[in-house]
Amino acid sequence: MVQGADWTLFELAYENNKLNKGYFETDEYKKYDSFSKAVEVARFITERETEEIDLLDVGCGSGWQAVCFSKEGLGNIVKYSGLDLSVHMCNFAKENYPDGDFFVADITTDDLGKQFDVVMESAVIELVSDWKKCVAGMIKHSKKWLVFHRMFFTENETIMEQSETYNQIPDMRRHIGLIDLSNELAKHGFSIIKKDAWNLSKSYNMGTFIARRV
């Protein structure tokens, strides 16, 4: 699924968990847009639904997004599930958030046998070998909402580059073209309804995009 880095290694799961645990032992996590913007997304969606939503977090890592939702008062209205390629990530995630369900699976090929109100990914789509398969897998598991969070993007066509990802690990990263993404979503009856480009720089653009089934 992933080009370059092997995200299934125990060492990566251990470092991911250790780093994020430090953020949540205090309120340092509040300083980071990656967490605060995800909370904004959850609130945006829950305000438009009348009941509790169930959310699948693709590439959930060690589960700290679930902890973030809980600390921000969303635990009673967001039923959290996570999916990750790494059994080690999922084991840490279950320790950190025992109320969640966690699946060791590949979103591009596996079928969980159920759908969720919301399917969300965070900085995953640009690292898979075929990003369109990632989108298709997300769509297959979504009843209504899709969230592309912390996504590297361009306004036009998708480009690919060699870069350093989490913890300075060399990997191939795509900057997903919004035109390409919109066209792919439209094929399956989804449309982007909210765009939040919250990190714009000379080297890359990062944002959060919410799509809904139309």
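Readers should treat all values here as calculations from the given coordinates under stated rules, not as data from a laboratory. Values in this document were obtained by computation on a predicted structure and should not be read as measured data. All Cβ positions, glycine included, derive from the backbone under ideal geometry; neighbour counts span all protein chains shown.
For this structure, a couple of remarks:
- HN-Hα J in Hz across region 86-92 - Karplus 6.51, -1.76, 1.60, θ = phi - 60°, x for Gly and Pro: 9, 5, 5, 4, 5, 5, 4
- Calculated FRET efficiency for the pair GLN115/THR50, C-beta based, R₀ 22 Å, to 0.05: 0.75
- Ranking of VAL104, VAL119 by count of other Cβ atoms within 10 Å, fewest first: VAL104, VAL119
- Here the extension length gained between ALA136 and ILE159 equals 6.3 nm, from 0.36 nm per residue of separation less the Cα-Cα distance.
- Residues whose amide H lies under 5 Å from that of THR158, counting only those 5 or more places away or on a different chain, are GLY177, ASP180; hydrogens are built 1.01 Å from N in the peptide plane.
- Sparsely packed GluC sites (Glu not before Pro) within region 111-214, loop by DSSP, other Cβ within 10 Å at most 14: GLU155, GLU157
- The chain - charge dipole about Cα centre, Lys and Arg +1 at Cβ, Asp and Glu -1, debye rounded to 20: 560 debye
- Remark on region 10-213: ratio of C-alpha radius of gyration to 2.2 N^0.38 Å is 0.95.
- Mean residue ellipticity, 222 nm, helices only, the chain: the sum of -39500 (n - 2.57) across DSSP H runs of n ≥ 4, divided by residue count and rounded to 500, is -9500 deg cm²/dmol.
- For the cross-link pairs LYS37/LYS132; LYS71/LYS143; LYS132/LYS194; LYS18/LYS79; LYS21/LYS143, the ones whose C-alpha atoms lie over 30 Å apart are LYS21/LYS143.
- Bridge type composition, the chain - antiparallel percent by DSSP, nearest 5: 50 percent
- Relative contact order, percent, region 10-213 [alpha-carbon distance under 8 Å, six or more residues apart]: 16 percent
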